[in-house]
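Only one structure is covered here, and it is reproduced in the block below.
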Amino acid sequence: MQQPLPVIGIIGGGQLGRMFIEEALRYNVSCVVLDSDPDAPAARLAQHHIQASITDAEAIHQLAAQCDVITYEIEHVFVDALEELEQLGKTVYPSAGALRIIQDKTKQKAFYRSHDIATSDFVLVNEPTAWLPAVRNKGWTKFVAKSGTDGYDGKGVQLMHVDDLLDPSAIPFNGAVVLEEFIVCEKEISVIVAVDASGNTCCYPAVEMQFDAKANLVTYLFSPATLSAQQQEEARALALKTALALNSPGIFAVEMFLDKAGHFLVNETAPRPHNSGHHTIEACYTSQYEQLLRILLHAPLGSTNLIKPAAMINILGDESFSGPYELANESEILRTEGVYIHMYGKKTAKPNRKLGHITILADNQQALIAKTTYIQSLIQIKPLP
Ligand code: ADP
């Protein structure tokens with residue numbers, strides 16, 4: 001490991017930053033976090049917390065002045081400031097250029113098309129009056145509308161029917177929007193790719209996501225995904241092609257659909273550790289967080305192999321309340337072998353807010369499903385009196 005150990009600056013102080021710092025501390029590496037929330041999950045593990053917005057250029061420069069290398073755990077960072085840092089010779093991984101493409105869904109889709117990366121058919125529109133002609137022209141009945149810059153965790157994404165457009169007030173987003181063909185999915189898959197500064201790469205085994213249609217959030221995932229060896233390879237190759245096209249070191253989570261005809265289509269890419277890689281902490285030889293740390297430290301990439309089949313369940317805020325909370329049935333959950341609770345230290349619950357997750361390991365897929373179903377039945381977020 002290079003000495004003296006660099007100090008790492010993380011823009012965003014959520015759970016991804018927190019789990020990254022957990023790994024950094026194992027290597028005695030210090031991190032500084034930039035986040036406006038005084039109780040940000042990553043803040044209490046950081047050596048220092050700059051309490052300011054992730055879109056505040058001055059604060060980003062202040063962070064950089066205290067750190068040797070900069071990364072981020074959320075896309076909505078002020079990218080111009082990152083570009084300035086690069087021009088000043090600071091290391092920013094992934095690069096500002098990669099983030100600029102990804103943080104705007106219209107640019108991201110256009111990028112896939114121009115790089116011949118398989119993705120669902122789409123059209124870009126700039127104003128509400130353009131929606132109906134565009135959708136009619138494509139001949140779609142169902143389609144998905146995605147706001148260019150306002151979306152994460154299913155917000156800013158809406159499944160629609162062409163008839164919805166007969167009422168102009170039903171148009172949910174203004175400005176630049178992607179309208180996408182609705183894909184009837186066989187599966188939703190994610191492949192996390194690591195790219196180091198020398199161009200070495202490795203991929204994690206594909207994971208299969210299960211969604212809560214109502215909340216539009218991943219509720220649990222399994223790895224390895226139930227794919228044939230050939231499909232695993234196709235998914236891996238597409239993820240690698242996508243990450244390499246972004247031309248930057250970093251961790252990239254490539255989310256894709258497997259359609260009914262057996263084709264993989266890239267949905268979107270996250271330039272950071274991802275919810276679909278939480279299980280790698282216990283289930284893989286090298287977690288996605290440690291892998292990012294290795295990339296930032298210019299250390300060798302670690303093995304991405306799975307030690308055991310794994311599942312991950314998000315612990316979400318209950319629909320019924322907002323406020324202080326506790327995880328119910330904790331003792332019962334902890335009595336099961338191979339179950340790991342992660343709570344992110346968020347002070348209050350809100351409906352569907354990600355409060356923690358549970359990783360479950362088992363010897364085979366069948367045992368994993370049984371154990372996951374049991375653990376899921378126990379998970380409950382209860383209000384504190
Ligand atoms: P976010 O960035 O908010 O996570 P996504 O683009 O990943 O938004 O969309 C959220 C979910 O909506 C996807 O995981 C998928 O279940 C569904 N979805 C998105 N695009 C399509 C599409 N073109 N066809 C069918 N379902 C889609």
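Just so it is clear, none of the values below were taken in a lab; they were calculated from the coordinates. What you see is a predicted model; the values in this text were computed from it and never measured. When we count neighbours, we look across all protein chains shown, and the Cβ atoms used for this are built from the backbone with ideal geometry, even at glycine.
Altogether, the Stokes-Einstein calculation at 4 °C and 1.567 mPa s, with the Kirkwood radius of segment 1-147 over Cα pairs as Rh, returns a diffusion coefficient of 75 µm²/s. Farthest towards the positive end of the charge dipole of segment 273-385, among the residues 359, 338, 317, is the Cα of 317, using unit charges on the Cβ of Lys, Arg, Asp and Glu. If you take the Cα centroid of segment 249-328 and the Cα centroid of segment 111-148, the two points sit 28 Å apart. Binning the C-alpha pair distances of the chain at 10 Å intervals from 0 yields a P(r) profile of 5, 22, 32, 27, 12, 1, 0 %, listed from the shortest bin outward.
Given +1 on the Cβ of Lys and Arg, -1 on the Cβ of Asp and Glu, and no further charges, what dipole in debye does segment 168-287 carry about its Cα centre, rounded to the nearest 20?
That gives a dipole near 140 debye.
Each peptide in 256-265, 68-77, 323-332, 16-25 gets a packing score, the mean of other Cβ atoms within 10 Å over its residues, and the list from highest to lowest is 16-25, 68-77, 256-265, 323-332.
Summing Cβ point charges (Lys, Arg +1; Asp, Glu -1) relative to the Cα centre of the chain gives a dipole of roughly 320 debye.
Bridgeable lysines around residue 241 (alpha carbons under 25 Å apart, same-chain partners fewer than 8 residues away excluded): 105, 107, 109, 146, 187, 260.
For segment 241-365, the alpha carbon convex hull comes to 161 Å³ per residue, rounded to a whole number. In plain terms, the chain from residue 26 to residue 137 could stretch by 34.4 nm, reckoned as 0.36 nm per residue minus the Cα-Cα distance.
If the only charges are +1 at each Lys and Arg Cβ and -1 at each Asp and Glu Cβ, what is the size of the charge dipole of segment 61-108 around the Cα centre, to the nearest 20 debye? Before the final figure, lay out each step's value.
Numbers: 4 positive and 8 negative charges, 29 e Å.
Dipole of segment 61-108, to the nearest 20 debye: 140 debye.
Cα-based values for segment 303-370, radius of gyration first and Dmax second, are 14.0, 42 Å. Considering every pair of different Cα atoms, what Kirkwood radius, in Å, is found for segment 101-207? Computed over segment 101-207, the radius equals 15.3 Å. With kT/(6 pi eta Rh) evaluated at 20 °C and eta = 1.002 mPa s, and Rh the Kirkwood radius from Cα pairs, segment 14-85 diffuses with a coefficient of 175 µm²/s according to Stokes-Einstein.
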